[in-house]
Each structure stands twice: as structure tokens, then as C-alpha cells.
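Read-outs: derived from the displayed coordinates by stated rules, not from any lab. Remember, predicted model here, so these are calculated numbers, not experimental data. Don't worry about glycine lacking a Cβ; one is built from the backbone with ideal geometry, like all the others, and counts go over all protein chains shown.
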């Protein structure tokens, strides 16, 4: 899988087991680069292109940009709907029991409606997914930012078909041991990660052979 920009020569080539690190030393270009990348991930047109085996991919579906690790919406509507779908599929083996439960609930409602003095009616049948929404299934919230981040990446990768996760100056938010844990987990689970830093840092404690480095220096030269 590759990410390219028509204004640059570099090709960010995502491979399983490797951590992609892009450093942009020019602050003005750093802001512009990130703005344009996020804008395109949100569904707008731009100069970036994500492809796999020469097939162009929809960046809005296959990439996620995490600009604020302290405000990850791990219980977004999209994620909760997917959770409901997963749980619903998991309990299909108990279909007869669930159908019996729903039938009893509908019958009880119908009896109450029949006994009501003013004519009323039930507009639709009850589906198991409706009951799950009432239960309001979601991820347990925690104050452990790293744990939330790992759970979010794992879910998006496994269930939402997200291939690439983009971060910005990620290394400054964690201790060396925490960042080492994060990097090792991403490499071990073969997630495609791109961390875009604003300066060169000596805080990548993992084996450098697993880090692919790209640099755009202060003069906008690609190294």
C-alpha cells in the first residue's frame, strides 16, 4: 500500500511490520501538509493518493487521522452501530430464544394497546437491533490514553476496514517506555502507521530496522 502526493517525489510505502516516520522541519509546510492530508481524509479532493497494487483507494474510508489523542471518539455513532451489528451476529445461535423474547414483548404491548380507551396502534415490529440500541452498548471509558488509543486502532482495523492510521508529533505525548510499547504493538499487529513529526527526535527506542524514515528539511528538500 502506498501514499503519494503529486507535489512530492517521495513514496510512503506501507509494509507490514514497519513504522513509517515522516519528519517535516519547515513549520509552515508542516501545517499545510497536515491540513491538506486531513482535508482529503475527510472526503475532499486533493493532491494525495492512496493505492494498493495500483488500485486507487478511498482515503476517507481507508485512512484515519488522529490529531488529538486525548479526544478519541471511541464511542462514535459509527462505532456503536458496528458494535450492535457484531453483537447481533454473535447471538444468532440463540435465535429461537430471542424471537420468543421479542414475541412476548410485542404481545404485552399489543394487549396494553387493545385495553387503551383511545384507539392507538403499534407502527412497527420490534427487532433485536432495536433492543440492543436501548441497551446502549459501548466501549468502557478509561483515563489511560494509550489503552484507549490501542483499542481504537484495533477496532477500526478489524471491523471498519481502516488500513492506515496517521498521527502528528505522537512521540511527545508518551514516555519512552510507553512509546516503545505503542510502536512494538503496532509492528507486532502489522498495522500501517504514519507518524508525522515537526522535528527529528531521538526517542524511537525500537529497532531502527523497523522504522522507515522520510525527511522534508527546512528548505523543503526531500531526504
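Below is a table of values for the structure above.
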quantity: Rg/Rg_globular for segment 55-117, with Rg_globular taken as 2.2 N^0.38 Å and Rg from C-alpha atoms; calculated: 1.93
quantity: Listed residues 168, 139, 19, most fluctuating in the chain (Gaussian network, C-alpha, under 10 Å); calculated: 139
quantity: Helix 145-159 axis, angle to the chain major axis (alpha carbon atoms, nearest 10°); calculated: 70
quantity: Segment 1-145 - Kirkwood radius from inverse mean 1/r over Cα pairs (Å); calculated: 20.3
quantity: Cα-Cα pairs of segment 86-130 separated by more than 15 Å (percent); calculated: 51
quantity: Highest-MSF residue in the chain out of 75, 151, 52 [GNM, Cα springs under 10 Å]; calculated: 52
quantity: Calculated FRET efficiency for the pair residue 125/residue 78, C-beta based, R₀ 25 Å, to 0.05; calculated: 0.45
quantity: Cα long-axis angle, helix 27-41 against the chain (0 to 90 degrees, to the nearest 10); calculated: 30
quantity: Residue exposure sequence - 210, 100 - by fewest surrounding Cβ within 10 Å; calculated: 100, 210
quantity: Computed over segment 88-202, Kirkwood Rh from alpha-carbon pairs, angstrom; calculated: 18.9
quantity: Sites residue 36 and residue 16, calculated FRET efficiency, Cβ-Cβ separation with R0 22 Å, nearest 0.05; calculated: 0.25
quantity: In nm, spacing of pseudo-spin labels at residue 144 and residue 117 (7 Å Cα→C-beta vector); calculated: 5.8
quantity: Residue 189/residue 215 FRET efficiency (R0 25 Å; Cβ-Cβ; nearest 0.05); calculated: 0.40
quantity: Cα gyration tensor shape of segment 136-189, rounded if a/c is under 1.5, else prolate or oblate by comparing a/b with b/c; calculated: oblate
quantity: Inter-label distance for residue 178 and residue 8, nm, one decimal - labels placed 7 Å from Cα along Cα-to-Cβ; calculated: 2.7
quantity: Chain lengthening between residue 55 and residue 86 when straightened (0.36 nm per residue, less Cα-Cα); calculated: 8.3 nm
